[in-house]
Every structure is written in C-alpha cells, then in structure tokens.
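Participant: Submitted below is the structure of interest, expressed as structure tokens.
The values are calculated or read from the model by the stated rules, or taken from the named source; none is laboratory data. Just so it is clear, the structure is predicted and the values come from calculations on it, not from any experiment. Don't worry about glycine lacking a Cβ; one is built from the backbone with ideal geometry, like all the others, and counts go over all protein chains shown.
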Amino acid sequence: MRARAVVTAVLALLVLLVGVPVASAHTELESSSPKDGTHLSHAPGTVTLTFSEALDLADVHVAAGGRPLTVARPATGQRRAASVVVTLPKATVEAGRVTLDWHVVDEEDGHPTSGSVSFVIGAGASASAARSDAAAAPAPSDAVRKAWVAVRWVDYLALALFVGGLGFLAMLWPQGSQDRRTRRILAVSWAAGLVATLAGAGLQGAYGALGGLGDALKVSTYTNLLNSEVGVVLACRGLMWVLAAVVLAALMQGGERAARSPGWRVGAAVVSLGLLRTTGMAGHNSEGGHPGWGAVADLVHLLGVCLWLGGLAFLLFGVLPRRRPAELSAAVHGYSTLAGVCVAAIAVAGAVLAWQVVGSFSALFDTGYGRLLLIKLAVLGAVLLGAQRSRSWVRTRLDIAVLLRGDRATVRPFVHSVAAETGLVLVVLAATSLLVTSAPGR
C-alpha cells in the first residue's frame with residue numbers, strides 16, 4: 001500500500017513537471033530609447049529599455065556609476081512586460097555622458113545577463129568615450145561560477161551512477177543488488193545527488209544575483225530562487241531525490257528479489273524519469289524553436305548517458321572484480337548491446353539539442369559556447385573509439401575468458417579499456433557542466 005502511494009505521488013509530480021514550460025533563450029536587451037550611443041542635447045528624464053521577453057521588475061536592476069536607479073513599468077502597469085522605464089536623475093550625468101549598467105535574471109533558468117547603454121550629452125564627449133564604460137558593467141562572480149561548475153559535475157556524475165546503476169541491476173544484473181560494492185555506489189551517488197542539488201540551487205541563486213560564495217548559504221538566496229520557475233524545478237528535483245531514497249531502501253532490503261520485482265522496477269523507472277526530466281528543465285537543452293522536441297531529445301540524451309556511464313561503472317567495480325563466468329557472460333554481452341543502443345540514441349538526440357541551442361553552423365566556431373561544444377564532441381569521439389575496442393574484445397575474447405573462469409590476465413585488457421572509457425566519459429560530463437553554466441550564442 002505504501003509503495004502504491006509513493007508511485008502515485010511520483011506520477012502526480014511528473015505530470016506537474018511535464019506541464020511546466022521548458023527553458024527559453026536568455027533574456028537580452030533588444031533596444032533602448034534613446035538608442036545606445038546617441039548624441040543628445042540634454043539629459044533625458046527617463047530611459048526605456050526593451051528586452052527580448054517579459055520580466056518581473058524584481059529581476060531588473062539598472063545602475064549608473066554604481067548608483068542604483070529607479071525602475072518602473074510603462075503606463076500599461078502590467079506586472080510582467082518586456083519594457084521597463086528607468087528614471088535618470090541629473091546627478092548621473094558626468095563629463096557630458098551617462099552610462100547605464102543593466103542586469104537581469106532569466107526567470108526560467110536563473111542565468112544572469114548584463115550589459116550597458118551609453119548616451120553622449122551635448123558636445124562634451126564622443127560616442128567612443130561613452131562606450132568605454134561598457135566594461136564596467138557588473139558581472140557574475142567567477143568564484144561562484146567555478147564552484148557551480150564543480151557542483152554540476154558532481155550532480156551529473158551522481159545522476160548517471162544512480163539512474164544508470166538502477167537500470168543495470170534491473171535489466172542485466174539483478175544478483176548484483178546483493179554485492180557490497182554496488183550497494184555502496186548507489187548509496188554514495190544518492191547522497192551526492194541530493195547534496196549537489198541543494199548546493200547547486202544556492203550557487204545558482206548567488207550567481208544570478210551577482211553575489212559571492214557566502215550568498216550561496218543564505219536563506220534569502222533560496223527564497224528568491226524559489227520565486228522563479230527554475231527554483232520550482234530545482235525544488236521538484238530535490239523532492240525526486242527524497243523519493244529515490246524509498247526506491248533505494250527497498251532495493252537494500254529486498255536485494256535480488258526486489259530487483260526482479262515488477263513493482264520495484266516501475267518505481268525505479270518513474271523516479272529515474274523524474275530526475276532526468278528535472279535535470280533537463282534546469283539547463284539550456286530544451287531551448288529553441290521546437291521545445292517539445294527539445295524536451296524529448298533531452299530526456300533521451302540524458303537517459304542514454306546515464307545507462308552508458310552507470311553500466312560502465314558497475315562493470316568496472318561490480319561485475320569484473322567478481323570474475324564469475326555466468327555473470328561475466330550475461331552482463332558483458334547484455335551491456336555491449338545496451339551500450340550500442342545508448343550511443344546511437346545519444347548521437348541522434350545530441351544532434352537535435354546542439355542545433356536547437358547553437359542555432360547555426362557558424363556559431364559552433366564563432367562563439368565560446370560552440371567551441372566548448374566542439375571540445376565535448378571531440379572527447380566523445382575518443383570515447384566511442386574506446387567503446388568500439390571494448391565491443392571487439394567482447395566479440396572475440398569473452399568466450400575464452402569465460403572458459404578460463406574469468407582468468408585475470410585474460411580479462412585485464414577489457415578492464416583497461418572500460419576504465420579508459422569511463423575516464424573519458426567523466427571528461428565529457430565536465431564539459432557538459434561548463435556548457436550548462438555558459439550562455440548559448442556567446
């Protein structure tokens with residue numbers, strides 16, 4: 001009865017998650033009135049800034065010379081609109097020019113965007129002098145971003161080990177649920193996933209608010225983040241990790257019997273789907289002109305990576321050290337087929353996601369985000385070469401290894417290949433963490 005209630009609650013949560021809109025492109029300044037770099041005979045009383053999407057006033061900050069300015073809505077009075085009116089006191093005009101530094105936080109993914117607009121007042125300054133202050137625009141803390149990248153890497157790794165590990169046990173190696181090492185991997189990955197989600201939420205909130213590392217620990221940071229769509233997604237993700245503890249506890253108690261149980265497999269699949277869905281919704285991967293396809297491609301992409309990396313880890317630290325012929329034959333043959341399907345799914349879904357986020361072929365070379373994506377693809381290509389070597393070993397040497405009852409010398413080349421493949425996938429996860437904290441198109 002309790003298991004049925006948990007599954008019902010998780011299904012209801014997933015319905016909520018599916019109904020939440022996916023992330024859109026980052027908010028950018030489209031125009032200003034007066035225009036950026038314009039020569040004016042006298043200082044304007046107000047400046048209108050128009051952004052690429054509607055914003056809440058609380059997410060818009062404008063300053064001149066480090067002094068915050070009053071931001072209001074146009075005469076329409078709407079709570080959310082794409083334009084804001086900035087009141088410009090006369091004291092902000094210095095040496096014939098004025099520079100406004102703006103900073104907005106995207107409500108859907110929590111990423112900050114900033115920039116400057118400058119005006120030349122009278123003949124006292126040139127347009128080039130006015131634009132020279134653009135570098136003074138506020139920027140997110142580099143320390144916070146580095147910490148966020150590290151936490152995201154741990155988050156992705158924990159997700160891959162937990163979801164991929166559950167899938168490996170359910171589909172290929174149920175008896176492994178009794179193994180002490182695999183139990184430890186699942187327990188540590190669950191704890192790391194929950195902690196990384198909580199820490200990542202604080203760092204993301206501090207990053208968006210241009211705060212420091214200390215701000216990531218403040219209750220107000222979490223409170224402000226929860227008022228945005230990305231905050232709701234992260235809260236749901238934390239809840240999914242809590243529900244995952246129920247699935248993990250059932251596996252620890254029931255062992256192989258639980259791993260073979262249809263009820264447990266349904267619960268594990270639903271929790272895994274929730275974790276994968278909330279992970280994609282908090283990043284760039286669903287952006288683009290076809291968000292529905294983006295959401296599906298993102299889910300397929302993440303699932304493929306999790307089954308691939310989680311399976312590699314369980315092979316390396318679970319199946320191979322035991323060297324039991326029956327397990328070696330069933331698990332390695334089964335994983336070889338599963339990995340082939342996962343690689344194909346990752347390639348197709350990744351192509352869809354890359355096109356939606358980057359938007360053009362030239363952007364792969366002209367933007368930092370595109371170049372980082374190319375590095376990720378290059379490392380992924382190296383991983384595929386290693387994976388092909390492993391599959392060749394399975395086809396030509398596995399039967400010999402089984403006949404020799406898992407002789408260490410016979411199995412060692414395969415172990416080295418799997419270890420190298422696992423290490424390269426970890427590098428891919430690091431590149432993914434950098435991509436998530438970078439702005440597309442820049």
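Participant: Using the structure shown, decide if ALA250 is in contact with a Pro (Cβ under 9 Å, 6 or more places away or on another chain) and touching a residue at least 12 places away in the same chain (Cβ under 8 Å). Give the derivation first.
Facilitator: Values: in contact with a Pro (Cβ under 9 Å, 6 or more places away or on another chain): no; touching a residue at least 12 places away in the same chain (Cβ under 8 Å): yes.
Here the answer is no, as ALA250 does not meet what is asked.
Participant: Inside segment 223-252, can you point out the residues that are of a type in the set (D, E, K, R) and surrounded by fewer than 21 Cβ atoms within 10 Å (Cβ to Cβ)? It would help to see each step written out before you state the result.
Facilitator: Step one: of segment 223-252, the residues of a type in the set (D, E, K, R) are 229, 237.
Within segment 223-252, GLU229 is the sole residue that qualifies.
Participant: Let me ask something else. Could you list, in sequence order, all residues of segment 176-197 that are more than 17 Å from ALA245 (Cα to Cα) and surrounded by fewer than 18 Cβ atoms within 10 Å (Cβ to Cβ)?
Facilitator: Kept after step one, since they are more than 17 Å from ALA245 (Cα to Cα), are these residues of segment 176-197: 176, 178-181.
Correct list: GLN178, ARG180, ARG181.
Participant: What number of residues within segment 231-247 are of a type outside the set (Val, Ile, Thr) and free of Cβ contacts under 8 Å to residues at least 60 places away in the same chain? Talk me through it step by step, then tell me what you get.
Facilitator: Within segment 231-247, the first condition is being of a type outside the set (Val, Ile, Thr), and the residues that meet it are 231, 234-241, 243-245.
Right, trim to free of Cβ contacts under 8 Å to residues at least 60 places away in the same chain and you get 234-235, 237-238, 241, 245.
So the count comes out to 6.
Participant: Which one of LEU276, LEU307 is over 15 Å from the mean Cα position of the chain (by Cα), assigned to a helix (DSSP H, G or I) and in the same structural domain as GLY165 (by TED's automatic domain parsing)? Before you say what the answer is, go through the steps one by one.
Facilitator: On the way: LEU276 fails: over 15 Å from the mean Cα position of the chain (by Cα).
Result: LEU307 is the single residue among LEU276, LEU307 that is over 15 Å from the mean Cα position of the chain (by Cα), assigned to a helix (DSSP H, G or I) and in the same structural domain as GLY165 (by TED's automatic domain parsing).
Participant: So which of ALA201, ALA206, ALA245 ends up being outside any loop (DSSP other than H, G, I, E, B) and under 15 Å from the mean Cα position of the chain (by Cα)?
Facilitator: Result of the check over ALA201, ALA206, ALA245: ALA201.
Participant: Do we have any residue at all in segment 163-174 that's surrounded by 18 or more Cβ atoms within 10 Å (Cβ to Cβ), touching an Asp or Glu at 6+ places or on another chain (Cβ under 6 Å) and in contact (Cβ under 8 Å) with a residue 40 or more places away in the chain?
Facilitator: Residues of segment 163-174 that are surrounded by 18 or more Cβ atoms within 10 Å (Cβ to Cβ), as a first pass: 163-170, 172-174.
In the following step, the residues that additionally are touching an Asp or Glu at 6+ places or on another chain (Cβ under 6 Å) were identified as 174.
Add one more test, that the residue is in contact (Cβ under 8 Å) with a residue 40 or more places away in the chain, and what stays is 174.
Yes, because at least one residue in segment 163-174 is surrounded by 18 or more Cβ atoms within 10 Å (Cβ to Cβ), touching an Asp or Glu at 6+ places or on another chain (Cβ under 6 Å) and in contact (Cβ under 8 Å) with a residue 40 or more places away in the chain.
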